[in-house]
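The values are calculated or read from the model by the stated rules, or taken from the named source; none is laboratory data. Please read these numbers as outputs of a predicted model, since none were measured by experiment. Cβ: placed from backbone, ideal geometry, glycine included. Neighbour counts: every protein chain shown. What goes into the accessible areas is simple: the full protein's heavy atoms, side chains included, and nothing from ligands, DNA or RNA. Shrake-Rupley method; radii C 1.70, N 1.55, O 1.52, S 1.80 Å.
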There are 2 protein chains.
Amino acid sequence: MAPAGGVSPLTVNRLSIYLRVLRQLAEQGEERISSQQLASRYDLSAAQIRKDLAQFGEFGIRGVGYDVRQLAARLEELLGLDRRYPLVIVGMGNLGRALAHYLEFNSGSFEVVAGVDNDPRGVGRAVGRVTVRPSAELAELVRSTGAVVGVLTVPPEAAQENLDALAAAGVRAVLNFAPGRLRAPRGVRLKNVDLRIHLEELAFYLGAGEAEKPQRR
Amino acid sequence: MAPAGGVSPLTVNRLSIYLRVLRQLAEQGEERISSQQLASRYDLSAAQIRKDLAQFGEFGIRGVGYDVRQLAARLEELLGLDRRYPLVIVGMGNLGRALAHYLEFNSGSFEVVAGVDNDPRGVGRAVGRVTVRPSAELAELVRSTGAVVGVLTVPPEAAQENLDALAAAGVRAVLNFAPGRLRAPRGVRLKNVDLRIHLEELAFYLGAGEAEKPQRR
């Protein structure tokens, strides 16, 4: 969990939120925004925004605010989104296939270059732009495609061994969708995704709506 | 985008982060934590934590801090996670099927009670605990199952009409995975999920790792 380059995952997460907000503002035709405005509109803290951005240099002009497009472009650069990252999917079941299709059409900075599965029935199948290969070929595929990111969409009991295989093959960052705790191999940045988080955010509003009603129907 | 009950989506998002952190601490056997400790360990702002929690009453004791398990339980209650929410999936393609399986084993507060698709070839197929039904039966299924949450996993061009159909059927919260902007029908809380966010967080560290190397190989 040691922050790389002294920047913590939560700061990166906030930079990512600022970027999304700025992209929205740019779409709406806004040209300038102050940290105060950004904070009050989106329920962020102005001090936090200034502190986060100050880690990376001087942005914005006191009393004038930030140039929306310029700051968005700078954040993309900071977040490393101005480059391309070849990506390999390990586990081409429903979720792996869904992600392969999803990223084919909304790739942003990520390009699916390979997909592997240990079920021989799926091997050879075309999914989006890739053809599913056997898991045994993982190291060879990582080398030949230059994949630097791995996406882990295997059953929980197979997650650790496949994570270790990705690390051994030279992949440097892994997005894991399998539930349960994994040990991140040395030199690999591991991010666990719990798809329930998004649902949990909705639960709050369902509860709030319920409370407003005088009684249950 | 009007906050329900005066609480903004970003506050709910932070409450959800606090909850995850508290669950981790509880697992590690920690019993008490102050807002300062919480803030410095996880790169949050102590003032922000106190402000967020103060909206919901008095937690913690000055100089003693928060009781980890008690605060976690209270946050679960605040976030409405102490209840069960029947859920319908609209679009039983790869992603819909993946979510149905995922939630079957990791349901937390959410229970998949129905899944619909407009492709007749998928209808009748068993996925996890549900059998895929035709989209035309959505309203009837929502009524018979009491589904309050909808998950939208349809192609972008079909997203708005299916969102409207969910709203007309009486669903009150929708998690949308389809890219593009949707108009939230009145009375429906809409949350859009962009699966690339998780990858974008990894990009930062890939960039940072690259910068540490003296030269490219």
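For B:ARG84, which inter-copy label distances result when the label point lies 7 Å beyond Cα on the Cα-to-Cβ vector, reported in nm to one decimal and in ascending order?
Taking the point 7 Å beyond Cα along Cα→Cβ, the inter-copy spacings are 4.9 nm.
With only alpha-carbon atoms in the gyration tensor, what are the semi-axes of the equivalent ellipsoid for the stretch A:78-204, in Å, largest first?
After scaling each eigenvalue by five and taking roots: 21, 17, 17 Å.
Give the total of Lys-Lys pairs in the protein assembly as shown with Cα-Cα distances below 25 Å; include a pair only if its members are 8 or more places apart or on different chains.
6
Per 5 Å bin, what percent of the C-alpha pairs of chain A does each bin hold, from zero upward?
Reading the bins upward from 0: 1, 6, 12, 15, 14, 13, 12, 11, 8, 5, 2, 1, 0.
If the stretch B:21-71 were replaced by its equivalent ellipsoid, with semi-axes equal to the square roots of 5 times the Cα gyration tensor eigenvalues, what would those be, largest first, whole Å?
Rounded to whole Å, the semi-axes are 16, 13, 10.
Mind checking the stretch A:111-203 for trypsin sites (Lys or Arg not before Pro) that DSSP puts in a loop (not H, G, I, E or B) and that have at most 16 other Cβ atoms within 10 Å?
Qualifying residues, ordered by number: A:ARG121, A:ARG125, A:ARG129, A:ARG181, A:ARG183, A:ARG186.
With solvent modelled as a 1.4 Å probe, how much accessible area in total do chains A and B shield from it at their shared surface, in Å² to the nearest 100?
By this definition, chains A and B bury close to 6800 Å².
Give the nm distances, rounded to one decimal, from B:ALA46 to the matching residue in every other copy, measuring between label points 7 Å along Cα toward the beta carbon; shortest first.
Ordered by increasing distance: 2.3 nm.
Which residues belonging to the stretch A:99-124 lose at least 10 Å² of 1.4 Å-probe accessible area when the assembly is complete, relative to their chain isolated?
Residues meeting the cut-off: A:LEU99, A:HIS101, A:TYR102, A:LEU103, A:ASN106, A:GLY108, A:PHE110.
Sum up the charges of everything whose Cβ sits under 15 Å from the Cβ of B:LEU163, counting Lys and Arg as +1 and Asp and Glu as -1, but leave B:LEU163 out.
Value of the local net charge: +3.
Need one number for the stretch A:43-131: average projected area of the convex hull over its C-alpha atoms, nm².
8.2 nm²
Specify the angular offset, from 0 to 90 degrees and rounded to the nearest 10, of the alpha carbon long axis of helix A:9-27 from the longest principal axis of the alpha carbons in chain A.
Tilt relative to chain A: about 70 degrees.
Taking every Cα atom in the stretch A:99-161, find the radius of gyration and the maximum pairwise distance Dmax, and write them in Å.
Spelled out, the Cα radius of gyration and Dmax of the stretch A:99-161 are 11.7, 31 Å.
Please give me, ordered by residue number, the chymotrypsin sites (Phe, Trp or Tyr not before Pro) of the stretch B:35-101 that lie in loop per DSSP and have at most 16 other Cβ atoms within 10 Å.
B:PHE56
Which GluC sites (Glu not before Pro) in the stretch A:44-132 pass both tests, a DSSP loop state and at most 16 other beta-carbon atoms within 10 Å?
A:GLU58
Report the net charge of residues surrounding B:ALA139, where surrounding means a beta-carbon distance below 15 angstrom and charges are Lys +1, Arg +1, Asp -1, Glu -1.
After counting each charged neighbour, the total is -1.
In whole Hz, with x marking every Gly and Pro, tabulate ³J(HN,Hα) for the stretch B:86-97 from phi via Karplus 6.51 cos²θ - 1.76 cosθ + 1.60, θ = phi - 60°.
So the J values, rounded to whole Hz, are x, 9, 10, 9, 9, x, 9, x, 3, 5, x, 5.
Averaging the inverse of every distinct alpha carbon separation and then flipping it gives the Kirkwood radius. What is it for the stretch A:73-124, in angstrom units?
So the Kirkwood estimate lands at 12.2 Å.
Using only alpha carbon positions, build the gyration tensor of the protein assembly as shown, then give the equivalent ellipsoid semi-axes as the square roots of 5 times its eigenvalues, largest first, whole angstrom.
Details: eigenvalues 200, 188, 100 Å².
In descending order the semi-axes read 32, 31, 22 Å.
Summarise the accessible area of the stretch B:1-146 (1.4 Å probe, protein heavy atoms) by the percent that is carbon and sulfur. Please list the in-between numbers first.
Details: 3550 of 7330 Å².
Using a 1.4 Å probe with all protein chains present, the stretch B:1-146 comes out at 48 percent carbon and sulfur.
Using a label position 7 Å from Cα in the Cα→Cβ direction, what is the ascending list of nm distances from A:ILE197 to the same site in the other copies?
0.7
What value in Å³ per residue do you get for the convex hull of the alpha-carbon atoms in the stretch A:7-93?
Cα convex hull per residue, to the nearest whole number: 136 Å³.
If each DSSP helix of 4+ residues adds -39,500 (n - 2.57) and the sum is divided by the residues in chain A, what number results at 222 nm, nearest 500 deg cm²/dmol?
On the way: 8 runs with 98 residues, N = 217.
One gets -14000 deg cm²/dmol as the mean residue ellipticity at 222 nm.
Can you give the accessible area per residue of the stretch A:79-143, in Å², using a 1.4 Å probe? Provide the component values of the computation, followed by the final result.
Numbers: 2960 Å² over 65 residues.
For the stretch A:79-143, the per-residue accessible area is 46 Å².
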